[in-house]
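Report on one structure; see the data block that follows.
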Amino acid sequence: MNDEISIRLYSIADEEWISLQPNADFRSTDVYICPICGTESNLWTMNGNKPRIYCQLDLYIEHDKLETAQKNYLALIMRLKNFLGRKEEKDLIITEKGLLAEKIDLLHKMLEGRDDLIIVNSKAKINENYPFSRYNMSKNIWKC
Ligand SMILES: [Zn+2]
C-alpha cells in the first residue's frame, strides 16, 4: 500500500509527461475509456516522445472481434435506414442484426470488469480515447 502513495499522477492535457524518458510508463490524473470494450485505464507509456494509452484487452483476438461486430452492426443499421428491397431481404438483415447484438453482448460480458486504474481521484475526468494498438503482430485468445 505504501508503494502506491509514491506514484505520481501526470496531467495529459498540461503535458506534465514532457520530461519522461522514452518507454516510461506512467499514470494520468484523468481516466481514459476504450470506446470499443469500455475498459477504463490511466496507464500510459511514452512511445518515443509521445504519450500513448493502450487498452490492455487489445492484445486479445476477442477485442478485434468485438470491434468488427460493432462496425458490422452499425453498417446493418445504416442499410436498414434506407432499405428499399423486398421484405424477405429486410427480415434477413433484421435477423442478422439481432444475432450481431447477441455476439456484441457476449463479447462485452467476456471483456468487462478489467479496468486498470491506480489512485484515481473520484472527481477525475473520464475521456474517451481510441487505444493505440501495439499488439498488431500477434494476438492471444481470451482465457477466463
Ligand atoms: Zn478496449
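Each value in this text was obtained by applying a stated rule to the coordinates, not by laboratory testing. Keep in mind the model is a prediction, meaning the values are calculated, not measured. When we count neighbours, we look across all protein chains shown, and the Cβ atoms used for this are built from the backbone with ideal geometry, even at glycine.
Against the chain, whose longest principal axis comes from its Cα atoms, helix 61-81 is set at around 50 degrees. Only lysine pairs 8 or more places apart or on separate chains count here, and in segment 61-109 those with Cα atoms under 24 Å apart total 15. Helix 87-111 and the longest principal axis of the C-alpha atoms of the chain enclose an angle of approximately 20°. Exposure proxy shown here: for Lys71, Lys65, the number of other Cβ atoms within 10 Å sets the order, fewest to most, as Lys71, Lys65.
About its Cα centre, the dipole of the chain is roughly 540 debye, where the only charges are +1 on Lys and Arg Cβ and -1 on Asp and Glu Cβ.
Between Ile94 and Gln21, the modelled labels are 6.1 nm apart [label points 7 Å from Cα along Cα→Cβ]. When the chain is described by a simple charge dipole with +1 on each Lys and Arg Cβ and -1 on each Asp and Glu Cβ, the residue from Gln70, Ser6, Leu59 located farthest towards its positive end is Gln70.
Annotation: amide H of Thr29 within the under-5 Å range of Tyr10, Ser11, Ile12, sequence separation 5 or more or interchain, hydrogens built in the peptide plane.
Once Lys and Arg get +1 and Asp and Glu get -1 on their Cβ, which of Ile119, Gly48, Leu84 lies farthest toward the positive end of the dipole of the chain? Positive-end residue among those listed: Leu84. Peptides 26-33, 80-87, ordered by how many other C-beta atoms sit within 10 Å of their residues on average, highest first, read 26-33, 80-87. When the helices of the chain are scored as -39500 (n - 2.57) per DSSP H run of n ≥ 4 and the total is divided over every residue, the value at 222 nm lands at -11500 deg cm²/dmol.
Relative contact order of the chain, taken over Cα pairs closer than 8 Å and 6 or more residues apart, is 34 percent. Size check on the chain: the Cα extents along the three principal axes, sorted descending, read 63, 33, 33 Å. Highest average first, the peptides 36-43, 99-106, 6-13 ordered by how many other beta carbon atoms sit within 10 Å of their residues are 36-43, 99-106, 6-13.
Projecting label points 7 angstrom from Cα along Cα→Cβ for His108 and Leu43 puts them 2.4 nm apart. Counted over the chain, the DSSP beta bridges are approximately 55% antiparallel. Take the chain, connect every pair of alpha-carbon atoms lying under 10 Å apart with a spring to form a Gaussian network, then pick out the residue of Pro22, Pro51, Pro131 with the largest mean-square fluctuation. Looking only at Pro22, Pro51, Pro131, the largest GNM fluctuation is found for Pro22. So for segment 61-109, Kirkwood radius off the Cα pairs, Stokes-Einstein at 20 °C and 1.002 mPa s: how many µm² s⁻¹? Taking Rh from Cα pairs, D becomes 190 µm²/s.
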